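Have a look at the structure below before the remarks.
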Amino acid sequence: MQLNTELKMNGKAAMMKNYWPCVGVSVIVSLLTGGGGSVSTVNNLSNASDITESVVEDTATGVSNITDSFSLIPGWVGGVALGLVVAIAIIVLIFSFFVCNVIEVGGNRFFIENRTSAPGAGLVFDGFRSGHYMNIVKTLFFRDLFVFLWGCLLIIPGIVKGLEYMMVPYILAENPAMDRKDAFALSKQMMDGEKANAFLLGLSFIGWYLLSVFTCGILAIFFVNPYEKATFAELYAYNKEKAFREGWIH
């Protein structure tokens with residue numbers, strides 16, 4: 001608990017010294033990755049497969065509802081509508097893999113650098129111009145896939161895997177060329193013994209998000225979201241330093 005208090009204090013200080021760019025980046029990331037105040041804390045801290053899983057679930061529900069609705073009209077009309085739903089779902093998934101995940105990495109890059117400097121909000125698009133765009137896409141695709149598959153077995157294993165891979169987009173933010181297996185192994189090592197602490201850190205923002213409801217989300221936009229993202233950048237910095245001490249990073 002003392003560590004989390006320190007992480008949140010440092011995160012708030014980093015956010016306040018470069019306030020408006022932090023707000024701008026958090027808005028972009030939240031809109032595109034689903035990491036806003038309306039998303040559950042577990043999905044925020046797991047930082048994985050939130051888009052993929054929700055799209056699959058929503059699509060399944062939508063397909064079921066549409067199938068029921070179109071049972072009363074000619075079959076070809078229902079078939080066309082069902083095809084459109086499936087096509088839209090595929091487009092959304094592709095967009096999440098090729099755009100949203102890359103924005104997530106750029107947002108992490110911004111908040112990592114914001115700890116020690118005052119970067120501009122344009123850094124959120126860094127993943128597209130890093131020269132390793134496809135490696136980022138591939139690595140986060142497998143992150144989402146693995147967490148989703150574990151989540152299909154049981155909720156708890158899915159959350160554990162999400163926590164285990166939590167550092168992957170932060171690692172890619174600083175090392176966009178890193179091989180997928182190396183990024184996964186490093187994240188696993190970083191989160192060894194830190195999963196419960198990271199879970200509690202995410203839960204500590206629930207009160208803030210409940211307060212945000214009473215301001216119609218305004219508090220989340222202008223304070224809670226950038227505060228949370230800056231805090232988790234502090235967690236990454238802490239875990240990175242631990243990895244240095246243990247010889248996982250040279």
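Figures for the structure shown
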| item | result |
| --- | --- |
| Apportionment of accessible area to carbon and sulfur, the stretch 98-250, percent (1.4 Å) | 68 percent |
| Coordinate range along principal axes, alpha carbons of the stretch 208-249, Å, largest first | 47, 14, 8 |
| Hz values of 3J(HN,Hα) by residue in the stretch 158-170 - Karplus curve (6.51, -1.76, 1.60), Gly and Pro given as x | x, 5, 4, 5, x, 5, 4, 9, 4, 7, 4, x, 6 |
| Pair Ala177, Ile249: separation of 7 Å Cα→Cβ label points (nm) | 1.8 nm |
| Gained length - Glu241 relative to Lys17, 0.36 nm times residue gap less alpha-carbon distance | 78.3 nm |
| Local electrostatic count, Lys242, Cβ distance below 10 Å [Lys/Arg +1, Asp/Glu -1] | -2 |
| Residue-wise HN-Hα coupling along the stretch 171-181, computed from phi with Karplus coefficients 6.51, -1.76, 1.60 (Hz; x: Gly, Pro) | 4, 5, 4, 9, 9, x, 8, 5, 4, 4, 4 |
| Spin-label model distance (nm) - Lys138 vs Ala185, 7 Å beyond Cα toward Cβ | 1.7 nm |
| Other-chain or far-sequence residues with amide H under 5 Å of Asn18's (modelled H) | none |
| For the stretch 151-250: Kirkwood Rh in Å [reciprocal of mean 1/r, alpha carbons] | 14.9 Å |
| Spatially proximal lysines relative to Lys161 (Cα-Cα < 21 Å; intrachain offsets below 8 disregarded) | Lys138, Lys181, Lys188, Lys195, Lys229, Lys240, Lys242 |
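The values are calculated or read from the model by the stated rules, or taken from the named source; none is laboratory data. On a predicted model such as this, the values are computed, not experimentally measured, just so you know. For neighbour counting, all protein chains shown are included, and Cβ atoms are generated from backbone atoms with ideal geometry for every residue, glycine included. We work out accessible area using only protein heavy atoms, side chains counted, and drop any ligands, DNA or RNA first. Shrake-Rupley method; radii C 1.70, N 1.55, O 1.52, S 1.80 Å.
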